Amino acid sequence: MATIQDVARSAGVSTATVSRVLSAPERVAEATRARVMAAVATLGYAPNVAAKTLRTLRTEKILVTVPDISNPFFSKVIRGVEEAAQAAGYSVLLGDTRHEADREELYGRMLRRKEADGLIFLGHRLPDSVVDLVESLGPRAPVVNGCEYSPDLRVSSAHIDNERAAAEAMEHLYGLGHVRVGVITGPLASPLSRDRLAGAQAAAAARGRTGELRVATGDFSIESGLEQADALLSGEAPPTAIFCFSDEMAMGALEAIRRRGLACPRDVSVVGFDDIRYAAHLDPPLTTVSQPMERIGHETVRLLLDVLSGAAHEARNVTLPHQLVVRASTGAP
């Protein structure tokens, strides 16, 4: 990776001149500026965010990437990010990656080009260009995760205890008397899906109900909830309760139940996850795990500001409280 020294040698100027060209180009002669920018382009140089000589290259912007901007869960997290960022004097740039690695990489390069001071990503993976940044800077890398904690990422994160939350949702169903429970997970490439599945399986094992647990894989969307719930209900000994790893999938499960001429919760109970704004207004109102979405957004900004101020010396794992909200979509079998 090219350094500022490489650019200076190529352009025949000092590193201080390179810094001035990048931070205050109006203070540098046009010919010199042109030579420096040509060297930057040729070498593919991206400013080192940790370099002391470039600390003045602050944009006062935070880049936030979201895997699916149409998901109402993320809208409240983003609101929390925006509130905390604006209070600290930062603007927010928002990128919808649509679960696509190429799109994630495009936004990662924006960070490397110093078009934003830091990155908050709400998905489960880092683009390669940002992985390199984290490897080189460690906890000083201006990168924070929201919602999807994984120690493998080696960045600070704000999230809930997904395993425990899922176990509590399952315990609620078992406590009502359900024996055959179906689970619709999100993509298992996602750490939070794996954690929730681990919690569901642990609860089933504790009750001696592992053999009755049915697992289907969705993608957090309404459509996948409908499809997977229909598949669960069409099998032998169908479940009397379905636990969905997102409220949107729970909405699809409710539709699958209606299409079969069944009723919720009389025939099939349904539990969701997130407590999005629509959950309380469904028919029936949805029992769900409530996440503190806006607070997750606030915490990610606080963690990022600690990095930008130099106060962060290690990656921090912030676990926020969740709550099982019991509504009319669950009842005894």
Worksheet, complete the sentence: Filtering segment 89-123 for residues that are under 26 Å from residue 23 (Cβ atoms), acidic (Asp, Glu) and open to solvent by 50 Å² or more (accessible area, probe 1.4 Å) leaves a count of 1
Discussion item. Yes or no: segment 43-53 includes at least one residue that is open to solvent by 30 Å² or more (accessible area, probe 1.4 Å) and at positive phi.
Written reply: yes
Practice prompt. All but one of (1) buried (at least 21 other Cβ atoms within 10 Å of the Cβ); (2) modelled with pLDDT of 95 or more hold for residue 168, so report the exception by its number.
Written response: (1)
Item to complete: Sort out which residues of segment 55-78 are open to solvent by 40 Å² or more (accessible area, probe 1.4 Å) and either closer than 12 Å to residue 300 by Cα or under 13 Å from the mean Cα position of the chain (by Cα) (or both), and write them in order of number.
Response: 68, 69, 75, 76
Fill in: Where residue 323 falls short, out of the listed (1) within 23 Å of residue 198 (Cβ to Cβ); (2) exposed (fewer than 15 other Cβ atoms within 10 Å of the Cβ); (3) in contact (Cβ under 8 Å) with a residue 60 or more places away in the chain; (4) not hydroxyl-bearing (Ser, Thr, Tyr)
(3)
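One line per residue, one yes/no per condition, for (1) modelled with pLDDT of 95 or more; (2) β-branched (Val, Ile, Thr); (3) within 22 Å of residue 145 (Cβ to Cβ):
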residue: 3; (1), (2), (3): no, yes, no
residue: 23; (1), (2), (3): no, no, no
residue: 46; (1), (2), (3): no, no, yes
residue: 52; (1), (2), (3): no, no, no
residue: 57; (1), (2), (3): no, no, no
residue: 77; (1), (2), (3): yes, yes, yes
residue: 94; (1), (2), (3): yes, no, yes
residue: 99; (1), (2), (3): no, no, yes
Practice prompt. Grab the strands (runs of 3 or more DSSP E) fully contained in segment 191-295, keeping just those with 3 or more residues being closer than 16 Å to residue 168 by Cα and open to solvent by less than 10 Å² (accessible area, probe 1.4 Å).
Written response: 241-244, 269-274, 287-290
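The values are calculated or read from the model by the stated rules, or taken from the named source; none is laboratory data. Quick caveat: nothing in here was measured; it's all calculated off a predicted structure. Positions of Cβ are backbone-derived with ideal geometry, glycine not excepted, and every protein chain shown enters the neighbour counts. The protein model used for the area step is the full one, side chains on, heavy atoms only, and it has no ligands, DNA or RNA in it. Shrake-Rupley method; radii C 1.70, N 1.55, O 1.52, S 1.80 Å.
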